Amino acid sequence: MITVGTLTKIAVVISVIAYRSARVAKNTILTKHPFPEGYYSEGNFDIDCTTLKAPDLKYCEDATFWNLLDAQGKFIDRGLLISCDANRKAWNTVMGPLTDPAPHGSLWLHEPASNTGKRNAKPDAAKLKRIELKGYPAQHDFHPLGIEIYPSYAGNASNLYVINHARARTVIEHFTLSPSSPTVATHVRTLASPYFHSANSLALTSPDSFYVTNDHLFTRRIPYLGHVLPILESVLALPLTFVSHITLSPSSSSAENAKAPITAHEFSALFLAFPNGITISPSGTQVAVASTTLGKVFIYTRNPATNALTTLAHTVEVPFTPDNMHYTHDGTALIVAGHPNFPALAKVAANKTDVAPSWVVQIAIDGEEVKEAEFDRDAPVSAKGKVKSVPGFAVKTLFQSDGVGFSSSSTGLKDPVTGALYVTGLYAEEGVLVCRPSLK
Ligand SMILES: *[C@@H]1O[C@H](CO)[C@@H](O)[C@H](O)[C@H]1NC(C)=O
Ligand SMILES: *[C@@H]1O[C@H](CO)[C@@H](O)[C@H](O)[C@H]1NC(C)=O
């Protein structure tokens, strides 16, 4: 049995050997690219993109669709959930600082459209509602990062999991959210484990189980060395950390189970450098994990019966440090958002500058071949020449900004019904960006 303790020892040894991985994609992530204020691949940034704003809706790390299905699992409608922390500048366990954990972050719902299935079901700031956290323990911090929600079937409640960078340790909050009162999340329990001590992103495998990435082995909370070890781990891209699969006791079960909510854990992938976003393909046969410091997306083959990630099937480079990722609803592409200039992002975190650039790409995974001459040819700053092109995995830019148009993209999501592209920004001062394809 591998424990986290043993893993730490093995990891330290490996890190010494794995010095070679210090060849982080420096040429791409340290370069200042001549980005425009905003570029949107399916329209005109000035006309087709807007920022949905609400007070305190800022510094949003993650977003995910909430699918509302009928009893047979047929699609009815979808909402968009967003996790934000207006206090991120005073509390960021990944990038620092750790000065004030007290003010709470927030969850938001962009309500499902009532006129289902219409292409003109317009994203609208009036549909953004702050989610009330019912039964949330008093005195308990709330710094949401990765969020995932199980679909609702025939109006039943959905399990919602939220990674929470609380002051003493990172935990995962379990809530339920029901379509009958979609702006009230009811707190079920707080989960803690050494198997997600530095949790960043989640992907659900059932209402009661999930994969979770741990972005670092060494965290900033470590006394004295907390300023040094995580930075070395990042800068040298040391492959020290891991992805876990966690199984919970169903929340309705006995008080006995409530005391030990985690019934099983497995290491799904070991010795990764800064695993960040994680996502499962709609068919359930693939899992993609973003390695932030290597600038790579790893695509694993998954056994849906056991949840094991059996082989690393593909590695695709992206021209930035990738953050969160999502498969498109039909599984033909991965949408990856990230930070094309990491030093600029670190400067924003340190209050030395206001904005950092954004880049969102899609990686085609349907095997479609793209001629070398056409590889990301429309983007103002093309991925061509910055990444190795992998046959059958064409990278295409969906959105780009120098940071003025939209800062520090951390998640990109595309609504298959409206065609809208939503982008959240880790340090975006205001709201969530939405771009709608111009009607041709
Ligand atoms: C809602 O229904 C689905 C499908 O039957 C089921 O998998 C899920 O566990 C239910 N959710 C809750 C919270 O009971
Ligand atoms: C940046 O400014 C915020 C207030 O706007 C403050 O809380 C935070 O501590 C500052 N961060 C640093 C690294 O100085």
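Of everything in region 45-59 that is crowded, with 16+ Cβ neighbours inside 10 Å and assigned to a loop (DSSP other than H, G, I, E, B), the residue that is nearest to the chain's Cα centre (by Cα) is Y59. On the stretch given as region 349-372, residues that are crowded, with 21+ Cβ neighbours inside 10 Å and at pLDDT below 95 total 1. The residues on offer are N92, N67, N87, and the sole one that is within 16 Å of ligand 1 (Cβ to nearest atom), under 23 Å from the mean Cα position of the chain (by Cα), within 30 Å of L191 (Cβ to Cβ) and of a type in the set (S, T, N, Q) is N67.
Can you tell me which residue in region 415-426 is farthest from P123 (Cα to Cα), limited to those that are at pLDDT below 95 and of a type outside the set (V, I, T)? Filtering first and then ranking leaves P416. In this structure, L248 qualifies as within 23 Å of A288 (Cα to Cα), modelled with pLDDT of 90 or more and buried (at least 22 other Cβ atoms within 10 Å of the Cβ). In summary, strands (runs of 3 or more DSSP E) completely within region 60-155 and bearing 1 or more residues that are of a type in the set (D, E), in contact (Cβ under 8 Å) with a residue 60 or more places away in the chain and under 19 Å from A420 (Cβ atoms) occur at 60-69. For region 319-330, the criterion of being surrounded by fewer than 16 Cβ atoms within 10 Å (Cβ to Cβ) and either without any contact (Cβ under 8 Å) to a residue 40 or more places away in the chain or within 15 Å of the chain's Cα centre (by Cα) (or both) is met by none of the residues. Looking at region 178-222, which of the residues that are among the polar types (S, T, N, Q), within 22 Å of the chain's Cα centre (by Cα) and in a loop (DSSP other than H, G, I, E, B) is surrounded by the fewest Cβ atoms within 10 Å (Cβ to Cβ)? Among those residues, the one meeting the criterion is S193. Within region 385-414, restricting attention to residues that are under 18 Å from L345 (Cβ atoms) and surrounded by fewer than 23 Cβ atoms within 10 Å (Cβ to Cβ), the residue that is modelled with the lowest pLDDT is K386. Under 25 Å from S410 (Cα atoms), crowded, with 17+ Cβ neighbours inside 10 Å and within 14 Å of ligand 1 (Cβ to nearest atom): is that true of H165 in this structure? Considered against the rule, which asks whether it is under 25 Å from S410 (Cα atoms), crowded, with 17+ Cβ neighbours inside 10 Å and within 14 Å of ligand 1 (Cβ to nearest atom), H165 comes out as no. Among the numbered criteria (1) touching a helix residue (DSSP H, G or I) at 6+ places or on another chain (Cβ under 7 Å); (2) crowded, with 24+ Cβ neighbours inside 10 Å, which one does A337 miss? With respect to (1) touching a helix residue (DSSP H, G or I) at 6+ places or on another chain (Cβ under 7 Å); (2) crowded, with 24+ Cβ neighbours inside 10 Å, A337 is out only on (1).
With respect to G38, determine if the residue is closer than 25 Å to V336 by Cα and within 16 Å of ligand 2 (Cβ to nearest atom). Answer is no for this residue.
Are there any pairs, at least 6 apart or on different chains, whose C-beta atoms fall under 7 Å, with the first in region 392-416 and of a type outside the set (F, W, Y) and assigned to a strand (DSSP E or B) and the second crowded, with 24+ Cβ neighbours inside 10 Å and modelled with pLDDT under 95, and if so, which? The qualifying pairs do not exist here. Scanning region 369-426 for residues that are more than 30 Å from D56 (Cα to Cα) and β-branched (V, I, T) gives V370, V381, V387, V390, V395. In region 223-243, the condition of being within 25 Å of S178 (Cα to Cα) and not in a strand (DSSP E or B) is met by no residue.
The values are calculated or read from the model by the stated rules, or taken from the named source; none is laboratory data. These figures come from a predicted structure and were not determined experimentally. Note that we place each Cβ from the backbone using ideal geometry, even for glycine, and neighbour counts take in every protein chain shown.
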